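A.B. asks: First, the structure itself, so that you have it in front of you.
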């Protein structure tokens, strides 16, 4: 599977999407109702996945499902995007990341469709999601930095009462608070990257620290940016609003700040 698929994924000729999220699961990757039943020559897949990023256009889907139904081990299966019994609908999100709802109605797949060895693969899926979460956290950090720089430029050039509004103490304090939150997020992201690179046991906990802090920083950057821009910040014509919309959507992707604070506490033994 690796030799056949990974080169095509790397060169962009094969688009693969991960279908793991289900309604009402509150970011729990192990809460899966999608099921596969063993048949004579493979498996029969039934269920529904939501928020499948780029799932509307994917050539191949990696689907999490319970083998034999509820209580069975969690497996990962490769499903072609054009498989009979598979249907998908475009799902629009606040931050306009392309996603889809994918339904599997008795989709037949072969035995070779199962990824890896037999056995529960919840831990592997969590590791994959941690990597994606950290990647998104880094993107959120960059978004917060860009929004902050745009706001600081405005504070330096917009004048009121004959002076730049950035000279007002109240706005200085808000800009300083934003700077602190972004630097905390930067440290958290770098710390999580280091932990994953070194294969440390606390990597998952530090990923949650990074995501929680980046959620706080990027939302603050977007909303404070609008506030400090004043009236022009409320218009669709100004780009600062794009950062606020993207911040809210990214905040909810792979777990919001509250979820990751709770996860950090749980992984740390509290």
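The values are calculated or read from the model by the stated rules, or taken from the named source; none is laboratory data. Just so it is clear, the model here is predicted, and its values are computed rather than measured. Cβ placement follows ideal geometry from the backbone for every residue including glycine, while neighbour counts extend to all protein chains displayed.
A.B. asks: Being over 15 Å from residue 219 (Cα atoms) and either part of a loop (DSSP other than H, G, I, E, B) or touching a residue at least 12 places away in the same chain (Cβ under 8 Å) (or both) is the filter here; which residues of region 151-164 pass it? Walk me through how you get there before you give the answer.
C.D. replies: To start, the set of residues in region 151-164 that are over 15 Å from residue 219 (Cα atoms) comprises 152-164.
Within region 151-164, 152, 154, 155, 158, 161, 162 qualify.
A.B. asks: Would you confirm whether any residue within region 60-69 is within 21 Å of the chain's Cα centre (by Cα), in a loop (DSSP other than H, G, I, E, B) and surrounded by 17 or more Cβ atoms within 10 Å (Cβ to Cβ)?
C.D. replies: Initial filter on region 60-69 (within 21 Å of the chain's Cα centre (by Cα)): 60-65.
Next, only the ones that are in a loop (DSSP other than H, G, I, E, B) stay: none.
No - not one qualifying residue is present in region 60-69.
A.B. asks: Among the listed residues 177, 245, which satisfies the condition of being in a helix (DSSP H, G or I), closer than 30 Å to residue 29 by Cα and touching a residue at least 24 places away in the same chain (Cβ under 8 Å)?
C.D. replies: Working: 177 fails: closer than 30 Å to residue 29 by Cα.
That would be 245, the only listed residue that is in a helix (DSSP H, G or I), closer than 30 Å to residue 29 by Cα and touching a residue at least 24 places away in the same chain (Cβ under 8 Å).
A.B. asks: Tell me the residue from 128, 107, 101 that is in the same structural domain as residue 222 (by TED's automatic domain parsing), within 26 Å of residue 13 (Cα to Cα) and touching a strand residue (DSSP E or B) at 6+ places or on another chain (Cβ under 9 Å), please. Talk me through it step by step, then tell me what you get.
C.D. replies: Numbers: 107 fails: in the same structural domain as residue 222 (by TED's automatic domain parsing); 101 fails: in the same structural domain as residue 222 (by TED's automatic domain parsing).
Sole residue among the options that is in the same structural domain as residue 222 (by TED's automatic domain parsing), within 26 Å of residue 13 (Cα to Cα) and touching a strand residue (DSSP E or B) at 6+ places or on another chain (Cβ under 9 Å): 128.
A.B. asks: Still on this structure, I have one more. Over 19 Å from the mean Cα position of the chain (by Cα) and buried (at least 24 other Cβ atoms within 10 Å of the Cβ): does that describe residue 225?
C.D. replies: Values: over 19 Å from the mean Cα position of the chain (by Cα): yes; buried (at least 24 other Cβ atoms within 10 Å of the Cβ): yes.
Yes: the conditions hold for residue 225.
A.B. asks: For the list (1) at pLDDT below 95; (2) under 22 Å from residue 245 (Cα atoms), I need the number of the one condition that residue 212 fails.
C.D. replies: (1)
A.B. asks: Of all residues in region 1-22, how many are outside any helix (DSSP H, G or I) and touching a residue at least 40 places away in the same chain (Cβ under 8 Å)? Quick ask: steps written out before the conclusion?
C.D. replies: Going through region 1-22, the residues outside any helix (DSSP H, G or I) turn out to be 1, 12-22.
Keeping just the survivors that are touching a residue at least 40 places away in the same chain (Cβ under 8 Å) gives 1, 14-20.
Within region 1-22, residues that are outside any helix (DSSP H, G or I) and touching a residue at least 40 places away in the same chain (Cβ under 8 Å) number 8.
A.B. asks: For the structure I just gave you, tell me whether residue 44 is out of contact with any helix residue (DSSP H, G or I) (no Cβ under 7 Å at 6 or more places or on another chain), assigned by TED's automatic domain parsing to the domain that holds residue 19 and crowded, with 19+ Cβ neighbours inside 10 Å. So that I can check it myself, show each step before the final result.
C.D. replies: Working: out of contact with any helix residue (DSSP H, G or I) (no Cβ under 7 Å at 6 or more places or on another chain): yes; assigned by TED's automatic domain parsing to the domain that holds residue 19: yes; crowded, with 19+ Cβ neighbours inside 10 Å: no.
So residue 44 fails the test.
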